[in-house]
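The structure appears right after this line, and notes come after that.
The values are calculated or read from the model by the stated rules, or taken from the named source; none is laboratory data. These figures come from a predicted structure and were not determined experimentally. No Cβ is skipped: glycine too gets one built from the backbone with ideal geometry, and neighbour counts run over all protein chains shown.
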Amino acid sequence: MKLTLRVWRQKNADTPGAMATYELDGVSQDMSFLEMLDILNEELIVKGEEPVAFDHDCREGICGACSLVINGDAHGPERTTTCQLHMRSFKDGDTIDIEPWRASAFPVIKDLVVDRSAFDRVIQAGGYITAPTGSAPEAHATPVPKADADYAFEHAECIGCGACVAACPNGAAMLFTSAKVNHLNVLPQGSPERETRVLDMVSQMDAEGFGGCTLTGECATACPKGIPLFSITSMNKEWLRATRKVKR
Amino acid sequence: MASTFWQSTVGKKIVMGVTGLIMIGYLVVHMVANAKIFFGPEEFNAYGHWLRVMGAPVLHHEWGLWGARVILLTSVILHGVSAYQLSRRDIKARPEKYVHSKPRMSYATRTMRWGGVILGLFIVWHVLDLTTGTVHSGGFQEGHPYQNVVDTFSTWYGNVIYIVAMLAMGMHVRHGFWSAAQTLGAGNRTRDRAFKALANGLAIVLTVGFISVPVGVMTGVVS
Ligand code: HEM
Ligand code: FES
């Protein structure tokens, strides 16, 4: 396939960026999207140009590092991560626009790479449980009802890629935060911090400069792991419950 | 506690949801009461009088009415201020647009902010027109709401302002009611169809119900 790529190039956080156009030939339908970009970078290096910087790590859809907005969709046209997107989703002769995640809480570091450490700080605010160290506990010591385990697992699927923020017209991190809150709040292991977790994670989310939720549903549509929009509803409920229980 | 709510995006949205629902509740009552206009001036004017003696003999003249006005005014101010502050924050959180962007949200979702502004302006006009009479066309008669309503809807601009605002209201309620269910934590997968249907039903009934009054005047059913 022959493609026209329009890629966001930006030298660093302090320099304004712009879209640059590249023609790329000899792309196979079986390549992943990132392999296609590897080919582009090889060509750029041979020509003595600066290769396009983009984030990636596992390339198997589990780490959450890859983060491209492709033709206006976070992670592109399929419900999956950018690394698991294949060129068969495009046609010969297509023009593909490739942009970084856009949100003021995710500043661009270079080209398509953004700084997502705001998510780490939201996690640090409450995305943990308290457990004694030492040898592993007996597996059956704390029974978890099947329905709760399934619910926790559905939310635990969040890989923290930030596609929800990228897709949200308000740059909100509600879907990410709610996935983390619900994952731990439903489990007995997470119950000691149930109230403080939701209050602290939400206030850290606000402090990072993410926007608020207007329930457009864009986040859940973009999520490669299918975290449901109702995750946000459940977090709102947990937040309301916590404000009644905790005096501060 | 109050500051926890007001300082958090989640809390402020809850304030919007609760005040929005209070206003929707009021709209339902208001629409049902408006239907009395189809039963003649005596019936409609008597209802206008009752609003002033509501709660009597426990409440003094107009106390019940002023209570309702205070609740509604507080709701609309809290709702509008939250909407303004959250919108400012949302726009700041997403300063750069995508070069490749496409509209994906439903029309009702996309128009919440401007629709809300239209509603705010409409509320001011509506009160000045039919409550205080300040901008009323023709002689405003205190205690004769039936005639006042007929006067307003005998002007082309009265009809246009009112009908446009009611269409905006229907749209706002459509996304707003469903949103409030999520904001207040009532929604979930199994109830979603019910909440969506309720939101659409409310929006349609309220829009048709309110618009029936100017249509009634225009067609001569109410005169
Ligand atoms: C002063 C005029 C008004 C303004 C500026 C305004 C603005 C807004 C905005 C910006 C939203 C958030 C939209 C979103 O989440 O996408 C909203 C939500 C809402 N509005 Fe209004 N609105 C106004 C009047 C009204 C009225 C008269 C009603 C009653 C029918 C109403 C009911 C609602 C409800 C129920 C919500 C949903 C709140 C939630 O998401 O929890 N609004 N409004
Ligand atoms: S590179 Fe790990 S999820 Fe895409």
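Counting only residues that are over 13 Å from the mean Cα position of the chain (by Cα) and either within 16 Å of ligand 1 (Cβ to nearest atom) or buried (at least 16 other Cβ atoms within 10 Å of the Cβ) (or both), the range B:148-162 holds 9 of them.
Put simply, of B:143, B:139 the only residue that is part of a loop (DSSP other than H, G, I, E, B), touching a residue at least 24 places away in the same chain (Cβ under 8 Å) and more than 16 Å from ligand 1 (Cβ to nearest atom) is B:143.
Filtering the range B:93-111 down to residues that are assigned to a helix (DSSP H, G or I) and either facing chain A (nearest Cβ under 7 Å) or at pLDDT 95 or above (or both), which residue is nearest to residue A:70 (Cα to Cα)?
Ranking the qualifying residues of the range B:93-111, first place goes to B:93.
Provide a single number: the residues in the range A:203-235 that are touching a residue at least 24 places away in the same chain (Cβ under 8 Å), more than 16 Å from the chain's Cα centre (by Cα) and under 20 Å from residue A:154 (Cβ atoms). Residues that pass the stated criteria total 3. The set of residues in the range B:153-187 that are touching a residue at least 60 places away in the same chain (Cβ under 8 Å), more than 17 Å from residue B:27 (Cβ to Cβ) and of a type in the set (S, T, N, Q) comprises B:154, B:183. The condition of being without any contact (Cβ under 8 Å) to a residue 24 or more places away in the chain, in a helix (DSSP H, G or I) and under 17 Å from residue A:9 (Cα atoms) holds for only one of A:34, A:40, A:44, that being A:44. Checking A:127, A:93 one by one, the residue that is surrounded by 18 or more Cβ atoms within 10 Å (Cβ to Cβ) and either away from every other protein chain (no Cβ under 13 Å) or touching a Pro at 6+ places or on another chain (Cβ under 8 Å) (or both) is A:127 and no other. Among the residues in the range A:182-198, are any part of a loop (DSSP other than H, G, I, E, B), over 20 Å from the mean Cα position of the chain (by Cα) and either away from chain B (no Cβ under 13 Å) or buried (at least 22 other Cβ atoms within 10 Å of the Cβ) (or both)? So far as the range A:182-198 goes, yes, one or more of its residues are part of a loop (DSSP other than H, G, I, E, B), over 20 Å from the mean Cα position of the chain (by Cα) and either away from chain B (no Cβ under 13 Å) or buried (at least 22 other Cβ atoms within 10 Å of the Cβ) (or both).
Helices (runs of 4 or more DSSP H) fully within the range B:1-54 that include at least 1 residues being under 14 Å from the mean Cα position of the chain (by Cα), within 14 Å of another protein chain (Cβ to nearest Cβ) and not small (Gly, Ala, Ser): B:9-34.
For the range A:215-237, name all the residues that are on the phi < 0 side of the Ramachandran plot and at the interface with chain B (Cβ under 8 Å from one of its Cβ atoms).
A:216, A:218, A:221, A:228, A:229, A:230, A:232, A:233, A:234, A:235, A:236, A:237
For residue A:19, the conditions (1) more than 14 Å from chain B (Cβ to nearest Cβ); (2) away from ligand 2 (no atom under 13 Å from the Cβ) are fulfilled apart from (1). When we screen B:186, B:199 for residues that are under 17 Å from residue B:17 (Cα atoms) and exposed (fewer than 15 other Cβ atoms within 10 Å of the Cβ), the only hit is B:186.
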